[in-house]
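Structure first, commentary second.
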Amino acid sequence: MRERIDYLLVGGGLASAKCAAALRRSEAAGRVAILGAEIYSPYNRPPLSKGLLLGYEQPERVFVFAPDFYEKNEIEVVSGVAAVRLDVDEKVVDLADGRRFNYDKLLIATGTTPRHLASPGSDLQGIFYLRDLDDSLAIAAAMNPGSRAVIIGAGFIGMELAAAFTEKGVDTTMLVRDSGLFTKLGSEVLTRFFSDYYERQGVKIIYNDEVDRFAGNEALSGVVTKGGHELPADLAAVGIGVVANTDWLAGSGLEVDRGVIVDASLRASAADIFAAGDVAVYDDPIFQKRRRVEHWDNAIKQGELAAANMLGENRSVDYVAYFYSDLFDLSWEWLGDNSDIDETVARLGAGGRPEIVFFLKDGRLRAAFLLLQGPEEREWVERMIRTGVDLAGEVGRLSDSSVTLKSIQPEETT
Ligand code: FAD
């Protein structure tokens, strides 16, 4: 027996929640259902590596919408069961429990899963990965003040975990494959700044090294590195990137490559199928490249954009990708894409702290890092990236923290 759902949203996360809400706001007719593998209704993940670990946010506060939102808006939530197969010709999704859903329009928003280490000892108790609410609660329970932890990886998750652990009084060592922290940001100024800052906060950092094996008997007792360090540890947390949840699409014929391939309007390679959020590899018209963005703001905007296009519009992605992070007392933001730049300009504040780092290509702003800045600076950066204004003659003023960004207003030339 097949149940017919007009708008079937697979993946019970942020993108699906925002898509469902937007569908109902636009008065979509018919059944709207969110199908999620987790037992929870959609929730926000940013607190999982911040407030929830530190105890200043409660688990019940992380949900995208209040529990009665779905019922009031006639959004069906099918939780705790995964989609296992897609048939694009029959327009059917098979569930792990044997149910089958026929869709009129389908959203794929199944997110990502942390990449796992396969080193010897990887299955010992006390080695954690962080993606979902249960992971966060388990880590919070294990991070006792005075315990010793090794954080593996210095990307967003590794950096946030190391900050939270240290703030909680855990003796924290970061094991980093690169020669600095956040090398992904592509700025030596930032790498140096974060390395110094973390060391001043008491984080020990081992660079240019990686896990050889985890030691212990059932439970973790230490991490042995390829460089020969033997680090005693009560727990380890691994943040070495993610892979898109697309296994269930195998054999469907849908185009998949590091995620579900969609165009700028989030349409996939088969009729009436859209993808949004972390799982979507989309054509970004602003940067004219195919990319996957694994951040909160992108999941919201793409969920809503997919809803509009499911209802017959033909809108394209029109925003500059954005994310934020909190590390110790530092809140920072990032806009744009720095994969193809030829100039980096740092605006340094008191004590040489980088307030803003601009990433340019041919004099045009492509990306920026903003530390503890306000909405005015963010909006200026967003506009400059979007319009592609020539800033080549403004480099001196960009680097001068006494000059307000709003006073830099070159003519829009594109
Ligand atoms: P998800 O939120 O991952 O939801 C996907 C859901 O689909 C999951 O519940 C998954 O279980 C489910 N699913 C998977 N496969 C199937 C299947 N076959 N069938 C049914 N359901 C399935 N971004 C920022 O910008 N700033 C931050 O500070 C920040 N902090 C973060 C901290 C953590 C710990 C994490 C994990 C992420 C953080 N992010 C942050 C990223 C942000 O949370 C994600 O970009 C966002 O959650 C993506 O939403 P999504 O709906 O695409 O995917």
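The values are calculated or read from the model by the stated rules, or taken from the named source; none is laboratory data. Computed from a predicted structure; not experimentally measured. Don't worry about glycine lacking a Cβ; one is built from the backbone with ideal geometry, like all the others, and counts go over all protein chains shown. Surface accessibility is based on the protein's heavy atoms, side chains included, excluding ligands, DNA and RNA. Shrake-Rupley method; radii C 1.70, N 1.55, O 1.52, S 1.80 Å.
Tally Lys/Arg at +1 and Asp/Glu at -1 over every other residue whose Cβ is under 10 Å from the Cβ of SER325; what's the total? Summing Lys/Arg as +1 and Asp/Glu as -1 gives -2.
Shape annotation for segment 137-264: C-alpha extents along the principal axes are 51, 42, 30 Å, from largest to smallest. Rg and Dmax over the alpha-carbon atoms of segment 214-264 stand at 18.9, 50 Å. The charge dipole of segment 1-111, taken about its Cα centre with unit charges on the Cβ of Lys, Arg, Asp and Glu (plus for the first two, minus for the last two), comes to roughly 240 debye.
How about segment 181-280: which trypsin sites (Lys or Arg not before Pro) there lie in a loop by DSSP and see at most 15 other Cβ atoms within 10 Å? Could you put the intermediate results ahead of the total?
Details: sites: LYS184, ARG192, ARG200, LYS204, ARG213, LYS226, ARG258, ARG267; in loops: LYS226, ARG258.
Filter output for segment 181-280: LYS226, ARG258.
Using the Cβ atoms and a cut-off under 15 Å, what net charge is assigned to the surroundings of ARG131, where Lys and Arg are +1 and Asp and Glu are -1? Result for the neighbourhood of ARG131: -4.
I need the Debye-formula profile for segment 153-224: one equal scatterer per C-alpha, no solvent, reported as log10 I(q)/I(0) at q = 0.11, 0.13, 0.14, 0.22 1/Å, two decimals. Once normalised to I(0) and log-transformed, intensities are -0.28, -0.39, -0.45, -1.00.
Here the Gaussian network model covers the chain, with springs between Cα atoms less than 10 Å apart; of ALA29, ALA138, ALA233, ALA29 fluctuates the most. Once Rh is set to the Kirkwood radius over Cα pairs, what Stokes-Einstein translational diffusion coefficient, in µm²/s, holds for segment 265-357 at a temperature of 4 °C and a viscosity of 1.567 mPa s? Calculated translational D: 85 µm²/s.
Could you do me a favour and compute the accessible area per residue for segment 293-342, 1.4 Å probe, result in Å²?
Numbers: 1860 Å² over 50 residues.
Spelled out: the 1.4 Å probe surface of segment 293-342, per residue, equals 37 Å².
Using only alpha-carbon positions in segment 100-185, the gyration tensor eigenvalues give semi-axes of 30, 17, 14 Å once each is multiplied by 5 and square-rooted (largest first).
Given +1 on the Cβ of Lys and Arg, -1 on the Cβ of Asp and Glu, and no further charges, what dipole in debye does segment 126-205 carry about its Cα centre, rounded to the nearest 20? Mind showing how you got there, number by number?
On the way: 8 positive and 10 negative charges, 36 e Å.
That gives segment 126-205 a dipole magnitude of about 180 debye.
This model, with +1 at the C-beta of Lys and Arg and -1 at the C-beta of Asp and Glu, gives the chain a dipole about its Cα centre of some 40 debye.
Between segment 61-87 and segment 139-181, how many Å separate their Cα centres? When both Cα centres are located, 33 Å separates them. Amide H to amide H, with H built 1.01 Å from N, ALA275 comes under 5 Å of ILE108, ALA268, counting only residues 5 or more places away or on other chains.
How many percent of Cα pairs in segment 1-129 exceed 20 Å? All intermediate terms of the calculation are to be shown ahead of the outcome.
Values: 4298 of 8256 pairs.
Looking at segment 1-129, the distances longer than 20 Å represent 52 percent of pairs.
Stokes-Einstein, applied to the Kirkwood radius of the chain over Cα pairs at a viscosity of 1.567 mPa s and 4 °C, places its translational diffusion at 57 µm² s⁻¹.
Alpha carbon centre of segment 249-284 versus segment 1-33: separation in Å? Their Cα centres are 17 Å away from one another. Label-to-label distance, GLU218 versus SER122, with points set 7 angstrom from Cα along the beta-carbon direction: 2.3 nm. Among ALA299, ALA15, ALA140, the residue with the largest mean-square fluctuation in a Gaussian network model of the chain, with springs joining Cα atoms closer than 10 Å, is ALA140. Kirkwood-type hydrodynamic radius, segment 94-141: 14.3 Å, calculated from all non-identical alpha-carbon pairs. Electrostatic bookkeeping for PRO120 treats Lys and Arg as +1 and Asp and Glu as -1; over the other residues with beta carbon under 10 Å from its beta carbon, the sum is -1. Distant-in-sequence amide contacts of PHE128, defined by a placed amide H-H separation under 5 Å and a gap of 5 or more residues or a different chain, comprise ALA236, ALA237, VAL238. Taking the DSSP bridge list for the chain and keeping only pairs wholly inside it, about 55 percent are antiparallel. The Cα center of segment 347-399 and the Cα center of segment 195-244 differ in position by 34 Å.
Write down the Kirkwood hydrodynamic radius of segment 238-317, to one decimal in angstroms, obtained as one divided by the mean of 1/r over all alpha carbon pairs.
Working: mean 1/r = 0.0778 Å⁻¹.
Averaging 1/r across every pair of different Cα atoms and inverting gives 12.9 Å.
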